[in-house]
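Below is a structure I'd like to ask you about.
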Amino acid sequence: MNKRHCILCMLMCVMLCACQGGTSEQETVYGKTEQSERPQKESEPTDVNTEFLEKYDQVIAEMSGVRTALLYLDDDSVPELLLLKDGEYRLYFFDGSEAKSIPLPDAGMKANAYGTRYSIENTEDEELTFFWFEYAPRKGLVRIHDGDIEKRRDCYLSYEAGVLSIELKTDDEGHTWNTYDAEGEISNEEFSDRLAKMGYDNLICCAYLYGDVETAYENIGRVSDTRKVLEDFVSGKADAVEYVENRCEVPEEGFAGRSFAAVNEELTAGESWWEGVEYVDFDNDGEDELIMHGYAGARLYLDVVGDTVYKVLKTSSTTDVSYAAELEGKRVVARTDLTHGGRQYYRVMTYDGCGCLTDWFKLSAGYEGAEYGAGDNFEYRDHAISMEEFEAIRDSIHQLDLTK
């Protein structure tokens, strides 16, 4: 019996030691995971070397008052670093050993986070607005807002291996829609064609900026429920941003927000029978935006970036009656002046999912008397056209039937 007891005791000791050894090894692995490995996104490969995070941390450590995000400009497994510092965006990439700055194509070019809307959008709207950083994930496409506070210029850039190049540009100097490629001026139609062919119609906003790289990495690919954000605004749970009141280190702290009730009261001039809301995709991104109705046909167009409802466009007079429409397969906003004698004006605006104007044209008829005739003046994109051409373009603008 003693011998049996001895053998049993020895076996139990061996098993106990094995179990303790296994537990000890497992605890060591778990401890290492908690202290050394960074959290992985479900959609990301789990074997990604995260050395780049340490290098990006070093970039931020040398600055103060920085907001940051990580985003995939190209199709490799290492994200690029986006910084917002002193009202301008900066980009960095990891070359395998160091974090390096991605310079803009021209020395005097800026990637502004603050500016104004185009004057052709609304000549009376000179309030400061905020530009979220815009890019097409993994496509190497970026749009920046260049120019000074009085003169806006949008630049469409391509990215590859740490280098940004100019592809297209727009401005509204002279109160006309001017479009360019890297060589010089091109027609508006050619610009729109290239925009679509190159993929710039798929730009999105980098909606969230953070105080450190760790948090930015944990939130790569974060998205919001845009319909819920809009409905929260309409129900009074959140405000909408109409303009920027102050430039702040955390941009949202400088936004001037107002409640739905306050906006609605102003838009309708306190006369409730004018009020109404429509959920409709007016910017071709496949998601509904919000249109608020106001006094005598006034309209306020609102969109969402992240958790923020913001103003895209406001129209508010009998010479500026607007509606969402479709033109050649695209959603547009048509602004009309049709109630005054001697003229018929259409200003047609195309927006993308970032709330950015990508095309604009004026179609007009000028005449004396009650009706126009073949001998009167007709223009399209600042060029004379015939009456038949005017009518063909006008009739191709189809107001959306939002009652369906």
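The values are calculated or read from the model by the stated rules, or taken from the named source; none is laboratory data. This structure is a prediction, so every number in the text was calculated from the model and none was measured. Note that each Cβ is placed from the backbone with ideal geometry, even for glycine, and that neighbours are counted across all protein chains shown. For the accessible areas, the whole protein counts, side chains as well, though only heavy atoms, and no ligand, DNA or RNA atoms are used. Shrake-Rupley method; radii C 1.70, N 1.55, O 1.52, S 1.80 Å.
Hey, among T129, T179, which residue is within 21 Å of G353 (Cα to Cα), over 18 Å from the mean Cα position of the chain (by Cα) and of a type outside the set (A, V, I, L, M, F, W, C)? If you could, list the steps in order and put the result at the bottom.
Numbers: T129 fails: over 18 Å from the mean Cα position of the chain (by Cα).
Answer to the selection: T179.
Scan segment 266-283 for residues that are under 25 Å from D352 (Cβ atoms) and not in a loop (DSSP other than H, G, I, E, B) and report the count. Please lay out each step first, then the result.
Looking only at segment 266-283, we keep the residues that are under 25 Å from D352 (Cβ atoms), and these are 267, 277-283.
Those left that are additionally not in a loop (DSSP other than H, G, I, E, B): 267, 277-280.
Counting residues in segment 266-283 that are under 25 Å from D352 (Cβ atoms) and not in a loop (DSSP other than H, G, I, E, B) gives 5.
If the Cβ limit is 6 Å and pairs must be 6+ apart or interchain, which residue in segment 292-313 that is of a type in the set (G, A, S) pairs with which residue that is open to solvent by 20 Å² or more (accessible area, probe 1.4 Å) and assigned to a loop (DSSP other than H, G, I, E, B)?
Hits for this filter: A298/S316; G306/A207; G306/Y208; G306/S224.
Quick grid of which residues meet (1) under 31 Å from the mean Cα position of the chain (by Cα); (2) at positive phi:
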residue	(1), (2)
G355	yes, yes
F361	yes, no
A370	no, no
G373	no, no
N377	no, no
E391	no, no
S396	yes, no
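I would also like to ask the following. Kindly indicate the residue of segment 123-161 that is at positive phi and in contact with a Leu (Cβ under 9 Å, 6 or more places away or on another chain) and also surrounded by the fewest Cβ atoms within 10 Å (Cβ to Cβ) among those meeting that condition. Quick ask: steps written out before the conclusion?
Step one: filter segment 123-161 for residues at positive phi, giving 138, 140, 147, 161.
Narrowing further to those that are in contact with a Leu (Cβ under 9 Å, 6 or more places away or on another chain): 138, 140.
Values: R138: 12, G140: 19.
Restricting to residues being at positive phi and in contact with a Leu (Cβ under 9 Å, 6 or more places away or on another chain), the top hit is R138.
Every residue in segment 299-347 that is among the hydrophobic types (A, V, I, L, M, F, W, C), over 27 Å from W132 (Cα atoms) and crowded, with 17+ Cβ neighbours inside 10 Å, please. Give the derivation first.
Taking segment 299-347 and keeping what is among the hydrophobic types (A, V, I, L, M, F, W, C), we get 300, 302, 304-305, 309, 312-313, 321, 324-325, 327, 332-334, 338.
Checking which are over 27 Å from W132 (Cα atoms) leaves us with 321, 327, 338.
If the condition is that a residue be among the hydrophobic types (A, V, I, L, M, F, W, C), over 27 Å from W132 (Cα atoms) and crowded, with 17+ Cβ neighbours inside 10 Å, then V321 is the only one that fits.
Counting residues that are under 30 Å from K55 (Cα atoms), which strands (runs of 3 or more DSSP E) fully inside segment 156-239 reach at least 3? Show your work before the answer.
Working: elements: 163-171, 178-181, 204-206.
The strands (runs of 3 or more DSSP E) meeting that bar are 163-171, 204-206.
I would also like to ask the following. For segment 173-190, which residues satisfy the criterion of being surrounded by 19 or more Cβ atoms within 10 Å (Cβ to Cβ) and touching a residue at least 60 places away in the same chain (Cβ under 8 Å)? Outline the logic, then answer.
Here is the first cut: in segment 173-190, the residues surrounded by 19 or more Cβ atoms within 10 Å (Cβ to Cβ) are 177, 179.
Correct list: W177 only.
Run G297 past the list (1) more than 30 Å from E190 (Cβ to Cβ); (2) touching a Gly at 6+ places or on another chain (Cβ under 7 Å) and report the number of the one that doesn't hold.
With (1) more than 30 Å from E190 (Cβ to Cβ); (2) touching a Gly at 6+ places or on another chain (Cβ under 7 Å) applied to G297, the lone miss is (2).
Turning to a different aspect of this structure: Report, by residue number, each residue of segment 222-244 that is farther than 19 Å from A207 by Cα and without any contact (Cβ under 8 Å) to a residue 40 or more places away in the chain. I'd like the intermediate steps shown before the answer.
Initial filter on segment 222-244 (farther than 19 Å from A207 by Cα): 234-237.
Correct list: S235, G236, K237.
Identify, please: which residue in segment 81-96 is touching a residue at least 40 places away in the same chain (Cβ under 8 Å) and not hydrophobic (A, V, I, L, M, F, W, C) and is, among those, nearest to D212 (Cα to Cα)?
The extreme case among them is Y89.
Another one. Quick one: what pairs do we get from segment 58-78, first residue within 26 Å of S158 (Cα to Cα), second of a type in the set (K, R), C-beta under 7 Å, 6+ apart or different chains?
V66/K85; Y72/R138; D74/R138; D75/R138
Within segment 262-294, track down each residue that is closer than 16 Å to V241 by Cβ and either aliphatic (A, V, I, L, M) or open to solvent by 40 Å² or more (accessible area, probe 1.4 Å) (or both).
Selection gives A262, V263, E266, L267, L290, M292.
So, of the residues in segment 215-233 that are of a type outside the set (D, E) and open to solvent by 40 Å² or more (accessible area, probe 1.4 Å), which turns out to be farthest from T308 (Cα to Cα)? Steps first, answer last, please.
Let us first name the residues in segment 215-233 that are of a type outside the set (D, E), namely 215-217, 219-224, 226-230, 233.
If we keep only those that are open to solvent by 40 Å² or more (accessible area, probe 1.4 Å) too, we end up with 215, 219, 221-223, 227-228.
Numbers: T215: 20, N219: 17, G221: 17, R222: 14, V223: 12, R227: 11, K228: 11 Å.
Checked segment 215-233; the qualifying residue farthest from T308 (Cα to Cα) is T215.
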